[in-house]
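Reviewing the structure listed below.
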Amino acid sequence: MITSSKLCVILITGRTIEQGVGKEQGKLSKEYLESASVCYVDPEDLKKLGTKEKTNVQVSTKYGSVIVKAMKSLRGPHAGIVFLPYGPWANAVVDPETGSIGMPNLKGIPAEIEPALDRKLLSLEELLEKQFGE
């Protein structure tokens, strides 16, 4: 569903190979940070948004919003589903409540995605300051 350059999607988070490789170099490494600050979008959904791969998009849920770099998903097709790797950027848009099990719900979250060409992808430090005010 398109509403003024926004798509209503389902957000799924999880691990990626790139994130795992980056994590081995350290969670503050360039490789890890670049692998965790992206979202994977179906190529047809990128067209619907009128945006291209490697451009900034905003992913929003009722829990928050975050700017990430859109990447063309190589798996699919899966129109209407956006994948965000685990990490600080995903944490900004998932429910922080764990329902007493120690893990938040990381799959099947209603979300919106929209182009954010004029908005900046925050660094880890900026993101944490925005989230926690410290």
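What follows is calculated from the coordinates using simple rules that are stated; it is not laboratory data. What you see is a predicted model, and the numbers here were worked out from it, not measured in a lab. Because the Cβ atoms are built from the backbone with ideal geometry, glycine has one as well, and the counts that use them run over all protein chains shown.
In table form, for the structure just shown:
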item: Antiparallel bridges, percent of DSSP beta bridges restricted to region 25-134 (to nearest 5); result: 75 percent
item: Highest-fluctuation residue, Asn105, Asn91, Asn56 considered, GNM on the chain with Cα pairs under 10 Å; result: Asn105
item: Stokes-Einstein D for region 32-107, Kirkwood Rh over Cα pairs, 25 °C, 0.890 mPa s (µm²/s); result: 189 µm²/s
item: Hydrodynamic radius (Kirkwood) for the chain, which is based on Cα pairs only, to one decimal in Å; result: 14.9 Å
item: Pairs of lysine residues in the chain - Cα separation under 12 Å, sequence separation of 8 or more or cross-chain; result: 8
item: Share antiparallel - DSSP beta bridges, region 1-79, percent rounded to 5; result: 65 percent
item: Cleavage-rule hits, trypsin sites (Lys or Arg not before Pro), region 1-48, DSSP coil, Cβ neighbours within 10 Å at most 11; result: Arg15
item: The chain: most fluctuating residue of Pro43, Pro88, Pro77 per GNM, C-alpha cutoff 10 Å; result: Pro77
item: Loop trypsin sites (Lys or Arg not before Pro), region 68-134 (other Cβ atoms within 10 Å of the site Cβ: 13 or fewer; DSSP); result: Arg75, Lys107, Arg119, Lys120
item: Magnitude of the charge dipole, the chain, Cβ model with Lys/Arg +1 and Asp/Glu -1, debye to 20; result: 320 debye
